[in-house]
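If you scroll down you'll find the structure; I have some questions about it.
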Amino acid sequence: MSQSFGERVRGALDARGPLCVGIDPHAELLAAWGLGDDAAGVREFGLRTVDAAAGRVGVVKPQVSFFERFGSQGIAALEDVLAAARAAGLLVIADAKRGDIGSTMDDYAHAWLTPGAPLEADALTVNPFLGVGALDGTFALAAKHEKGVFVLAATSNPEAAGVQRAIGATGLTVSAEIVGEVSARNAGLFEPGAWGSFGFVIGATVDWDQAGITPFGPIAPILAPGFGTQGATPADLRARFGTMADAVIASESRSILSAGPEGLAAAISHRVAEYREVVGV
């Protein structure tokens, strides 16, 4: 029986814990792994990361930019990594942060969320700062194909504060307005008690009070970069996310990938154990 993306995330977190392994083939990591700074290198890097992650975590997140920089060959490498990850039973979040209007945004969604598409992923990160309504075609396509969407809501980079913490027309911060608008769409599409498939990107180092956001419903997955190298630790998860902690997908990349190809599987297993102790799964 098919499941919505939100419910698949819920099952993955229950089974494997919250760790999401980012697939971020930085040039420095490629060199450290003994791989070329080219399309073949990022392909090998991605496939080795998938092999190490499979059976240990439920979610991986390829960062699209590291593949795009090699043009068509890099995109072909990304296609292979996406397909391998999905074939291994991992939920795959394409971190592309797409955001546009009209048919342009719709075709971004088709590229990443259409079953059988070369770049098919289970979910896509999107940018709502042209208006949440500009994403309605993406939400509709995702719901049709039981895919997910992660909407940037409160990011931890300091440049974002002036925009995301500004007070909008409703008297709430822009971040809070985004969470409210997307949550309303979840409530209208998914059964009561089910997790929504339209989640949020909320940085693990974000102060929710300063961002003006509060616990929301229906529950939807929270993709939380900022664990690992950026400073947040597994022990911080419940303190930082409170009652929403069980919905968090804790994304780490360099902190794990720096273990190298020989140490990667062990580094993932160690980190999984730390998270599972915190969340109790």
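Here's the yes/no breakdown for (1) over 17 Å from Cys20 (Cβ atoms); (2) surrounded by fewer than 19 Cβ atoms within 10 Å (Cβ to Cβ):
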site	(1), (2)
Pro118	yes, yes
Ala121	no, no
Ile178	yes, no
Val182	yes, no
Ala194	yes, yes
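Still on this structure: Can you tell me which residues in the range 158-192 are part of a loop (DSSP other than H, G, I, E, B) and touching a residue at least 12 places away in the same chain (Cβ under 8 Å)?
Matches in the range 158-192: Arg165, Leu172, Phe190, Pro192.
Here's a check for you: in the range 147-157, which residue that is in contact with a helix residue (DSSP H, G or I) (Cβ under 9 Å, 6 or more places away or on another chain) and part of a loop (DSSP other than H, G, I, E, B) is modelled with the lowest pLDDT?
Among them, the one singled out is Ser156.
State the number of residues belonging to the range 1-39 that are in a helix (DSSP H, G or I) and more than 21 Å from Ser258 (Cβ to Cβ).
13
Please give the number of the condition Phe67 fails out of (1) under 27 Å from Thr173 (Cβ atoms); (2) buried (at least 23 other Cβ atoms within 10 Å of the Cβ).
(1)
Residues that are closer than 13 Å to Thr49 by Cβ and either of a type in the set (S, T, N, Q) or more than 19 Å from the chain's Cα centre (by Cα) (or both): does the range 267-275 have at least one?
There is at least one residue in the range 267-275 that is closer than 13 Å to Thr49 by Cβ and either of a type in the set (S, T, N, Q) or more than 19 Å from the chain's Cα centre (by Cα) (or both).
I'd like to check which helices (runs of 4 or more DSSP H) are fully inside the range 196-281 and have at least 1 residues that are without any contact (Cβ under 8 Å) to a residue 24 or more places away in the chain and surrounded by fewer than 22 Cβ atoms within 10 Å (Cβ to Cβ).
208-211, 237-241, 260-279
All but one of (1) touching a Pro at 6+ places or on another chain (Cβ under 8 Å); (2) among the β-branched types (Val, Ile, Thr); (3) under 19 Å from Asp24 (Cβ atoms) hold for Val278; state the number of the condition that does not hold.
(3)
If you go through the range 14-27 one residue at a time, do you hit one that is of a type outside the set (Val, Ile, Thr), over 27 Å from Ala143 (Cα atoms) and buried (at least 19 other Cβ atoms within 10 Å of the Cβ)?
Among the residues of the range 14-27, at least one is of a type outside the set (Val, Ile, Thr), over 27 Å from Ala143 (Cα atoms) and buried (at least 19 other Cβ atoms within 10 Å of the Cβ), which makes the answer yes.
The values are calculated or read from the model by the stated rules, or taken from the named source; none is laboratory data. Because the structure is a prediction, the values reported are computed rather than measured. Glycine gets a Cβ as well: all are built from the backbone with ideal geometry, and neighbour counts include every protein chain shown.
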